[in-house]
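Below: one structure, written as structure tokens.
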Amino acid sequence: MKSYNPIKIESKWRKRWLAENRWQVDIKNAKNPYFNLMMFPYPSAEGLHIGNLYAFTGSDIHGRYMRMRGYDVFEPIGFDAFGIHSENFAIKKGVHPRDLIQTSTANFRRQLENAGQMYSWDNLVDTTDPAYYRWTQWLFLQLYKTGLAYHKEAPVQWCPGCQTVLANEQVIQGRCERCDSVVETRKLRQWFLKITDYAERLLENLDKIDWSERTRAAQRNWIGKSEGALFKFPLSNIEGSTSASLGRDGQEDGKHFVEVFTTRPDTLYGVTFIVASPELAHEWLDMGWQTTDEVKKYIDKAIKGRSLQAENQNTEKDGVDSGVFATNPASGEKVPVWISDYVLAEYGTGAIMAVPAHDERDFEFAVKYGLPIRPVILPPDKETGEATKGAYTGEGVLVNSGKFDDTESEKAREKIAEEAGGEMRVQYHLRDWLISRQRYWGPPIPIIYCAGECLEKAKKKGEEGIDWTIINGEEVAIHPVSEENLPVELPYLEDFRPKGTGKAPLEADSAFVEVACPECGGAARRETDVSDTFLDSSWYFLRYPSTDVHDKPFDKLRTRTWLPVDMYIGGQEHAVLHLMYARFITMFLHDQKLIDFEEPFDKFRAHGLLIKDGAKISKSKGNVINPDNLFEAFGADTVRTYLMFLSPLEQGGDWRDEGIRGVHRFLGRVFGLVQDSEQKTVNSKQLEQARHQMIKKVTEDIERLHYNTAIAAMMTFVNTLYDNEHSEEDIRTLLVLLAPFAPYITEELWSQLSTDSSIHDQKWPEFDEELAREDTITIPVQVNGKVKAELEVERGTSKDKLEKMALENEKVAAFLEGREPKKIIAIQDKIVNIVV
């Protein structure tokens, strides 16, 4: 009997598949298209690690399964090769990122080929290829032309480790999501995209798409829709200001005022102080507000320490009395204005009305500084509204609220807002997408600035940030690069390292920077920031079917055929980064009538994380496993199958080195079944039933991405085959079901069964429902709604017998401790529920 030699088998079939371009789908003539996509990787120089392979394999198995179900499966791959990850590693290794990427992508491709992935390599995408980023720049220009891209000065998150600004979504608890450095606040002029214009659609559409619920919840939370009222509190004791108003949106009757947004206008009478963010107070200083040195010192200190405060949400709040008073628009009462770091500048108006009796943070602050606490909502079960132990945040009846006393709080909201001159409105947590990066390794932003003749014309249009802006203290007109002059190629810069000054490395390349103005022909300069790598990945899935199209980013007919993506698998860590941005860009392109759908991914599933020794597998944890070593020792089929045997794909799994040997033995046993020349070809009712039960189990579990239990079912069937006389049909069925998991060994064994066709071209087997029915089933037993035991019974067991077996069960009896149940509900073949 031949022995199982995975290295020899896999080398043989890999060479044949690559030579035949085996998995390339016919993009133009597919009759039953199915787009199966895994998030494309950034090609780190270390190569693919086992955690990456876990996700890629899970996606590939789904694609192979759908192919055998009769679909023309398009499974492309690419490389998200621009960005900080690659550039920082290039700096560490002392090589140029362009040279590094060529080596890295070649290594990644080799590993993915070895892993047996079903990729359409002819449709490879590389974001660093000018043929690709030409269209990323084109996309930016479309956003600019419609007013969705603008340039403005704003407080931004600066990472001293990566030496660039970050989008809000890239800051996690005050630290850079990539390098974990504490993030600082700086004020810079940057390019933003108006994703906030799409906030409501991004939120509403979440109910229409088939996505993992935790991913949809993460997006809902990040969009953060709030319904409430905007109030203007007139300010006093703020003499010295040279501005007519210290509010953010203009003036009211020549008075100074501060605006606040609240979701609880029914608590307006409970305001005992106002809190402004340090950043808003700093704007007041810029407008000429004269205050004490103590207040100025606090503002500067709070802004500088902002990231450290944000790092720990439990940090004790502190603040300073500004000396300014605000007038409550409902009661006319003057309340003090404090400045504190617990109010964030980027959310709302940068100031809040503090109602310490009904907000926990306000309560904590009021107690610390001895500020008044006035209850205005009486809880339904209380006779007094005194708040001494904490804030009451629920609903109730109003007290201490003038003519609104005894009104239910929910009914009073709009009435109080109207009475106090408030404006009911909807507000979002979502902020515009900051795309400028002061790094080298990225697509140049296709903008030219002119300080010559064009400036006066641009300023007459009056749109700062769209027609003109300020660069290095100089007013300049903004000109988009014409589409026919794309791409604006990234020059080869020897010294590409960031300087940490807020200026991009391209500033030093005069040949790149200095250009003629496309309008007036005078001296002009290019934008030297590059765009965020998430702009590259916001549309890459649209490019895949059109990689051979050179005069446009995507072909409309092909896009209509293949998009939106049928199944998208990727990491949950991109729930509010890549996935949000991709949805925004897709909606924008739909609005421009360039595509006929507005959601990019019909179905999305977030894969779980692979852990080892109790920690996520990652370079930072030092527990990375190189799949190359495992391929050499066990073969790719074993690695693929073991990875999927660990757990359901969405759950993630715990890698154990010893576990892979068991899966290797399983594949060896499958190999042995075909080599056994003494096998019988006798059909039996028992094996026929077992075969149909296996088909049903494997089919349903693959559909749910529960690959682990699908593999377990096949293992059980292999044991059955070894214990019984069996037919070639039994073996053939097993091999077809195993093929998506272990493509090499199944192709080899199929060829040994004297067949001319490939196993991967076989039709997925159907099962007979009657034959697939299990004779023995597991029935859960609940006591007061919680499962306490399980019963193994024959299908069709009567309700009376189920009740008797449940009460006699040791675990149930121990829980009851002699107590008589009030009620027993037994549902045949389903459940027993005991109420005590």
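The values are calculated or read from the model by the stated rules, or taken from the named source; none is laboratory data. Only a predicted model underlies this, so the values are computations on that prediction, with no experimental measurement involved. Here the Cβ positions follow ideal geometry from the backbone for every residue, glycine too, while neighbour counts run over all protein chains shown. The protein model used for the area step is the full one, side chains on, heavy atoms only, and it has no ligands, DNA or RNA in it. Shrake-Rupley method; radii C 1.70, N 1.55, O 1.52, S 1.80 Å.
Nearest 0.05, what FRET efficiency do Phe597 and Ser751 give at R0 = 56 Å with Cβ-Cβ as r?
The value I calculate is 0.85.
Could you rank Arg526, Arg437, Arg69 by how accessible they are, 1.4 Å probe, largest area first?
So, going from the largest accessible area down, we get Arg69, Arg526, Arg437.
Lys788's amide H: which non-local residues (gap 5+, or another chain) put their own amide H closer than 5 Å, with H modeled 1.01 Å from N in plane and none for Pro or chain starts?
Amide H neighbours of Lys788, under 5 Å, 5+ apart: Val781, Gln782, Val783.
Amide H to amide H, which residues 5 or more places from Ile447 or on other chains are under 5 Å from it, using H placed in the peptide plane?
For Ile447, whose amide H was placed from the backbone, the distant partners under 5 Å are Val481, Glu527.
Calculate the FRET efficiency for Asp293 and Glu423 from the Cβ-Cβ distance with a Förster distance of 51 Å, rounded to the nearest 0.05.
Between Asp293 and Glu423 the formula returns 0.90.
Expressed as a rounded percentage, what relative contact order does region 497-652 have, with Cα pairs under 8 Å and six or more residues apart?
Reported relative contact order: 15 percent.
Using only Cα atoms, locate the centre of region 569-605 and the centre of region 673-743, then give the distance between them in Å, rounded to an integer.
39
Sorted by average packing, counted as other Cβ atoms within 10 angstrom per residue and highest first, what order do 351-358, 712-719, 262-269 take?
My ranking of the peptides, most packed first, is 351-358, 262-269, 712-719.
With all pairs of different alpha carbon atoms counted, what Kirkwood hydrodynamic radius in Å does region 54-171 show?
For region 54-171, the Kirkwood estimate is 17.7 Å.
Calculate how steeply helix 50-68 sits against the longest principal axis of the alpha-carbon atoms of the chain, using the helix alpha-carbon long axis, and give the answer as 0 to 90 degrees to the nearest 10.
Value to nearest ten degrees: 60.
Note down the magnitude of the dipole of region 315-354 about its Cα centre, charges +1 on Lys and Arg C-beta and -1 on Asp and Glu C-beta and zero elsewhere, to the nearest 20 debye. Walk me through the numbers on the way to the answer.
On the way: 2 positive and 6 negative charges, 38 e Å.
That gives a dipole near 180 debye.
Modelling each spin label as a point 7 Å along the Cα-to-Cβ direction, I'd like the Lys93/Leu344 distance in nm, to one decimal.
A separation of 3.7 nm, rounded to one decimal place.
Any chance you could run the full-extension gain for Asp628 through Glu770? It's 0.36 nm times the residue separation minus the Cα-Cα distance, nm to one decimal. It would help to have the intermediate numbers written out before the result.
Details: separation 142, 0.36 × 142 = 51.12 nm, distance 4.48 nm.
This chain segment gains 46.6 nm when fully extended.
Of the DSSP beta bridges with both residues in the chain, give the percent that are antiparallel, rounding to the nearest 5.
On the way: 78 of 103 bridges.
The antiparallel fraction comes to roughly 75 percent.
Once the mean 1/r over all distinct Cα pairs of region 348-464 is inverted, what Kirkwood radius in angstroms do you read off?
Evaluated on region 348-464, it is 19.2 Å.
Taking the Cα centre of region 421-501 as origin and charging only Cβ (+1 Lys, Arg; -1 Asp, Glu), how large is the dipole, in debye to the nearest 20? Mind showing how you got there, number by number?
Values: 10 positive and 14 negative charges, 77 e Å.
My answer is approximately 380 debye.
From the phi angles alone, apply the Karplus equation (6.51, -1.76, 1.60; θ = phi - 60°) to region 509-518 and give each ³J(HN,Hα) in whole Hz, x where the residue is Gly or Pro.
Here the 3J(HN,Hα) series is 9, 4, 5, 7, 5, 7, 9, 7, 5, x Hz.
Just order 41-53, 392-404 by mean Cβ neighbour count inside 10 Å, highest at the front, would you?
Per-residue Cβ counts within 10 Å, averaged per peptide and sorted highest first, yield 41-53, 392-404.
Need one word for region 647-729: rounded, prolate or oblate. Basis is the Cα gyration tensor (sqrt eigenvalues a ≥ b ≥ c); a/c below 1.5 gives rounded, then a/b vs b/c decides.
oblate
With θ set to phi - 60°, apply the Karplus curve 6.51 cos²θ - 1.76 cosθ + 1.60 along region 713-726 and write out the HN-Hα couplings as whole Hz, x wherever there is a Gly or Pro.
Per residue, the Karplus-derived 3J(HN,Hα) values read 5, 5, 4, 4, 5, 4, 4, 5, 5, 5, 8, 9, 5, 9 Hz.
Which three semi-axes in whole Å describe the equivalent ellipsoid of region 402-488, each the square root of 5 times a Cα gyration tensor eigenvalue, listed largest first? Intermediate results must be reported in sequence, preceding the final value.
Values: eigenvalues 463, 72, 25 Å².
That gives 48, 19, 11 Å for the three semi-axes.
Between [x] -0.47, -0.79, -1.12; [y] -0.49, -0.88, -1.33; [z] -0.54, -0.89, -1.18, which entry matches log10 I(q)/I(0) by the Debye sum over Cα atoms at q = 0.06, 0.08, 0.10 Å⁻¹ as derived from the coordinates of this structure?
Of the listed options [x] -0.47, -0.79, -1.12; [y] -0.49, -0.88, -1.33; [z] -0.54, -0.89, -1.18, [z] comes from this structure.
From the helices alone, meaning DSSP H stretches of at least four residues, give me the mean residue ellipticity at 222 nm for the chain, per-run term -39500 (n - 2.57), in deg cm²/dmol to the nearest 500.
Values: 28 runs with 297 residues, N = 836.
My calculation for the chain gives -10500 deg cm²/dmol from helical runs alone.
Under a point spin-label approximation (7 Å from Cα along Cα-to-Cβ), what is the Lys822-Asp207 distance to one decimal in nm?
Output for this residue pair reads 3.6 nm.
Using 7 Å Cα-to-Cβ label points, what is the Glu658/Lys460 separation (nm, one decimal)?
8.3
Could you state the number of Å between the C-alpha centres of region 91-155 and region 418-477?
26
As a quick test, which of the pairs Lys296/Lys389; Lys12/Lys603; Lys788/Lys822; Lys603/Lys830 have an alpha carbon distance above 25 angstrom in this structure?
In this structure, Lys296/Lys389; Lys12/Lys603; Lys603/Lys830 exceed 25 Å between Cα atoms.
In the chain, if the dipole is taken from +1 on Lys/Arg beta carbons and -1 on Asp/Glu beta carbons about the Cα centre, which of Pro155, Thr638, His49 is farthest to the positive end?
Highest projection toward the positive end goes to Thr638.
Rounded to whole Å, give me the distance from the Cα center of region 635-664 to that of region 749-789.
Result: 20 Å between the Cα centres.
Near the amide H of Gln651, under 5 Å away, which other amide H atoms are found, from residues 5 or more places off or on another chain, if H is placed in the peptide plane?
Sorted by chain and number, the residues that satisfy this are Gly608.
In debye, nearest 20, what is the charge dipole magnitude of the chain about its Cα centre with +1 on Lys and Arg Cβ and -1 on Asp and Glu Cβ, if you could check? Kindly include the intermediate steps, with their values, before the conclusion.
Details: 103 positive and 131 negative charges, 236 e Å.
I would put it at about 1140 debye.
How long is the gain from Asp829 to Val787 if the chain were fully straight, where each residue apart is worth 0.36 nm and the alpha carbon distance is subtracted?
Gain on extension, Asp829 to Val787, equals 13.5 nm.
Just the number please: accessible area per residue for the chain, 1.4 Å probe, all protein chains included, in Å².
For the chain, the per-residue accessible area is 44 Å².
Mind checking which of Phe512, Ala229, Pro491 is farthest towards the positive end of the chain's charge dipole, using Cβ charges of +1 (Lys, Arg) and -1 (Asp, Glu) about the Cα centre?
About the Cα centre, the residue reaching furthest to the positive side is Pro491.
Quote to one decimal, in nm, the extra length available between Asp551 and Glu364 on full extension: 0.36 nm per residue of separation minus the C-alpha distance between them.
Computed gain between Asp551 and Glu364 is 61.2 nm.
Could you work out what % of the accessible surface of the chain is carbon and sulfur, using a 1.4 angstrom probe and leaving DNA, RNA and ligands out of the count?
Ligands and nucleic acids excluded, carbon and sulfur give 45 percent.
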